[in-house]
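The values are calculated or read from the model by the stated rules, or taken from the named source; none is laboratory data. For clarity, every value in this text was computed on a predicted model and none was experimentally measured. Positions of Cβ are backbone-derived with ideal geometry, glycine not excepted, and every protein chain shown enters the neighbour counts.
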Amino acid sequence: MPIVVNLDVMMAKRKMSLNELSEKVDLTLANLSILKTGKAKAVRFSTLEAICNALDCQPGDILEYRQAD
């Protein structure tokens, strides 16, 4: 898939665990895990906003487009 989710990278940079992020953005661990592993088919802007707020980052820090070969 050409959209890559770099949530794990940002979490590592901010030294934040999945449990801590889950509490801050009010999402289940299962839903965050699906997003983190890149298995999500969509993400709501409100969710993206909450994640960016919790991690003090921009959407482009989390989502990346890689052109397919």
What single numbered condition from (1) surrounded by fewer than 14 Cβ atoms within 10 Å (Cβ to Cβ); (2) at pLDDT 95 or above fails to hold for C57?
(1)
How about the range 1-30: which of its residues are part of a helix (DSSP H, G or I), loosely packed, with under 13 Cβ neighbours inside 10 Å and polar (S, T, N, Q)?
N19
Tell me whether the range 31-41 contains one or more residues that are surrounded by 12 or more Cβ atoms within 10 Å (Cβ to Cβ), at pLDDT below 95, hydrophobic (A, V, I, L, M, F, W, C) and not in a helix (DSSP H, G or I).
yes
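State all residues of the range 42-53 that are without any contact (Cβ under 8 Å) to a residue 40 or more places away in the chain and either crowded, with 16+ Cβ neighbours inside 10 Å or not acidic (D, E) (or both); if no residue qualifies, say none. Steps first, answer last, please.
Taking the range 42-53 first, the residues without any contact (Cβ under 8 Å) to a residue 40 or more places away in the chain are 42-50, 52-53.
The answer is A42, V43, R44, F45, S46, T47, L48, A50, C52, N53.
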Among the residues of the range 1-11, is there at least one that is touching a residue at least 40 places away in the same chain (Cβ under 8 Å), of a type in the set (S, T, N, Q) and touching a strand residue (DSSP E or B) at 6+ places or on another chain (Cβ under 8 Å)?
yes
